[in-house]
Amino acid sequence: MNEHPTGGIAPVDSSVAHPARVYNAWLGGRDNYLADQEAAELAAAANPQIVPAVRANRAFLGRAVRELTARAGIRQFLDIGTGIPTADNTHEVAQRLDARARVVYVDNDPIVLAHARALLVSTPEGATDYLEADLREVDRILAAAQETLDLSQPVGLMLVAILQYVPDADDPHALTRRFLDALAPGSHLVLSHPAADIGAEEVAESMRVYNERAADHAGATPRTHAEISRFFAGTELLAPGVVELPDWHPDSQDTPAPGRLPMWCGVGRKP
C-alpha cells in the first residue's frame with residue numbers, strides 16, 4: 001500500500017451538496033449530510049429514473065473492469081471521480097481476477113479522503129493509492145499516478161459519472177484527450193455520463209434542482225449522445241458502442257432497469 005501524504009483532511013462544507021455525497025445518498029449510504037439528502041431527494045423526485053440509473057451505473061463499472069481485466073489484459077487502472085467507497089470498488093473487482101492489479105483513485109471531496117483507507121486495502125501482489133485532486137489537475141494527477149502505475153503500459157482510465165461536473169467552459173473533451181494522450185497504446189477509456197436526450201425534461205429539471213443546492217464547483221451538465229460520443233474520439237469503440245447503461249455487456253445477475261435510464265456509457269481502446 002502506497003499512500004501520499006495529505007497534510008490533513010480539508011474542512012467539509014456540509015451546508016451545500018457535493019456529488020460524491022449525493023451519489024452516496026442515492027445508493028442508500030450514510031456518508032452524507034442533510035444538504036446532500038435534500039438535493040438527492042429533490043432531484044430523484046423530478047426524475048425517478050435517477051436512482052435506478054445510479055445503481056445501473058455502478059453495475060456498469062463492475063462489468064467494464066471485469067471486461068478489461070479478463071479480456072483486454074489491463075492490470076492497472078486510474079479511477080478519477082472515485083466517490084465514497086462502497087461494495088465492488090475498482091480494485092476489488094480487478095484483483096479478484098488478477099491479484100497483481102494496481103489502482104490509483106482520485107477524488108476532490110474531502111469526505112472521500114476520510115474514507116480512503118477502505119480503497120487502500122490491496123492484495124499483497126497488487127497496489128492501490130489515493131489522491132485528493134480535481135479532474136482538471138491533469139498534470140498533477142498523472143505525476144502522482146506514476147508512483148503506482150507504469151504509464152508506459154496500458155491503463156484503464158475510469159471516468160464514470162464524473163465529466164458532467166466539468167462545464168463546457170473548461171472543455172471536458174480536451175481534458176479527456178490530455179489524459180488519453182499521456183497513456184500507452186492499448187489503454188482503455190471507460191466512461192458514463194448523464195444524457196440530455198433521454199427523458200430530457202425530467203433530466204433538465206432534476207439537474208436544475210440539484211445545481212441550486214450544489215457547491216459552486218459541483219454543478220452538473222447533461223450531454224447528448226453525440227456530445228458523449230466525442231469523448232471517444234481517437235479510440236476504437238468496443239462493441240456495442242455508446243449505449244444505455246444496461247445494454248453494455250449485460251449481465252444476467254443485474255437487476256432489470258424499469259424503463260429507459262438517462263445515462264450513456266461506453267468503452268474505447270487507444271490504438
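The values are calculated or read from the model by the stated rules, or taken from the named source; none is laboratory data. Fair warning: this is a prediction, and the values are worked out from it, not measured in the lab. Every residue, glycine as well, gets a Cβ built from its backbone with ideal geometry; the counts of neighbours run over all protein chains shown. Only protein heavy atoms, including side chains, enter the accessible area calculation; ligands, DNA and RNA are left aside. Shrake-Rupley method; radii C 1.70, N 1.55, O 1.52, S 1.80 Å.
Roughly how compact is the chain, stated as its Cα Rg over 2.2 N^0.38 Å to two decimals? Walk me through the intermediate numbers first.
Working: Rg = 17.2 Å, N = 271, 2.2 N^0.38 = 18.5 Å.
In units of the globular-protein estimate, the chain measures up at 0.93.
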For the stretch 88-213, the percent of all C-alpha pairs falling in each 5 Å bin, from 0 up to the bin holding the max distance, is 2, 9, 17, 21, 19, 14, 9, 6, 2, 0
Mean separation of Cα contacts under 8 Å, 6 or more apart, over the residue count of the stretch 1-132: relative contact order %
26 percent
Give the peptides 207-214, 229-236 in descending order of average Cβ contacts within 10 Å, highest first.
207-214, 229-236
Using the Cα centre of the chain as the reference point, and only Cβ charges (+1 on K/R, -1 on D/E), how large is the resulting charge dipole? Debye, rounded to the nearest 20.
720 debye
Asserting the computed 222 nm helical MRE of the chain (DSSP H runs at least 4 long, -39500 (n - 2.57) per run, divided by residue count, to nearest 500) equals -10000 deg cm²/dmol
Mind jotting down a quarter of the surface of the convex hull over the alpha carbons of the stretch 131-271, in square nanometres, one decimal?
9.6 nm²
Of the heavy-atom accessible surface of the chain (probe 1.4 angstrom), what whole percent is carbon and sulfur?
51 percent
Is the stretch 1-122 rounded, prolate or oblate when judged by the Cα gyration tensor, a ≥ b ≥ c being the square roots of its eigenvalues, rounded requiring a/c under 1.5 and prolate requiring a/b larger than b/c?
oblate
The stretch 125-169: Rg/Rh from Cα coordinates, Kirkwood Rh?
0.99
